[in-house]
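Trainee: One structure, pasted below without further comment.
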């Protein structure tokens, strides 16, 4: 099924992912490769919680950051562990961001 939004045709899958500020490039039982576009509006990077523990590492170099609840923003240039249901957000840097999320 295709419909037009803003003059562009969209598939049903595109509509499902339109509300997400990222694209999952690869998904397995153990990890997700996720990419954030460099043109994303920082307002879309909301505080949120996930239903599972996860460890995040960047692919490449970046100046994007992550902020965990009650903590100052920190660089993504080292692995970050985020416990299940901990509030956190991504803070936009320059260029795109590609990360590998290990599900635990």
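The values are calculated or read from the model by the stated rules, or taken from the named source; none is laboratory data. These numbers were taken from a predicted model, which means no experiment stands behind them. Glycine also receives a Cβ, built like all others from the backbone with ideal geometry; neighbour counts cover every protein chain displayed.
Trainee: Exactly one of (1) surrounded by fewer than 13 Cβ atoms within 10 Å (Cβ to Cβ); (2) more than 19 Å from residue 29 (Cα to Cα); (3) touching a strand residue (DSSP E or B) at 6+ places or on another chain (Cβ under 9 Å) is unmet by residue 93. Its number?
Mentor: (1)
Trainee: I'd like the full set of residues that are assigned to a strand (DSSP E or B) and either surrounded by 14 or more Cβ atoms within 10 Å (Cβ to Cβ) or touching a helix residue (DSSP H, G or I) at 6+ places or on another chain (Cβ under 6 Å) (or both), limited to the stretch 36-54. Explain how you work it out, then say what you get.
Mentor: Taking the stretch 36-54 as the starting set, the residues that turn out to be assigned to a strand (DSSP E or B) are 36, 48, 54.
Once the filter is applied, which keeps residues that are assigned to a strand (DSSP E or B) and either surrounded by 14 or more Cβ atoms within 10 Å (Cβ to Cβ) or touching a helix residue (DSSP H, G or I) at 6+ places or on another chain (Cβ under 6 Å) (or both), the stretch 36-54 yields 36, 54.
Trainee: Kindly provide the set of residues from the stretch 81-90 that are more than 15 Å from residue 45 (Cβ to Cβ) and either surrounded by 13 or more Cβ atoms within 10 Å (Cβ to Cβ) or touching a strand residue (DSSP E or B) at 6+ places or on another chain (Cβ under 7 Å) (or both), ordered by number. Let's see the steps before the verdict.
Mentor: Taking the stretch 81-90 and keeping what is more than 15 Å from residue 45 (Cβ to Cβ), we get 81, 83-86.
Within the stretch 81-90, 81, 83, 86 meet the criteria.
Trainee: Among residues belonging to the stretch 62-72 that are free of Cβ contacts under 8 Å to residues at least 24 places away in the same chain and under 15 Å from residue 46 (Cβ atoms), point out the one that is farthest from the chain's Cα centre (by Cα). First the steps, then the outcome.
Mentor: Taking the stretch 62-72 and keeping what is free of Cβ contacts under 8 Å to residues at least 24 places away in the same chain, we get 68-72.
Those left that are additionally under 15 Å from residue 46 (Cβ atoms): 68-69.
Numbers: 68: 14, 69: 17 Å.
This residue is 69.
Trainee: Another question, if that's okay. Tally up the residues in the stretch 55-72 that are at pLDDT 95 or above, under 20 Å from residue 37 (Cβ atoms) and exposed (fewer than 14 other Cβ atoms within 10 Å of the Cβ), please.
Mentor: 2
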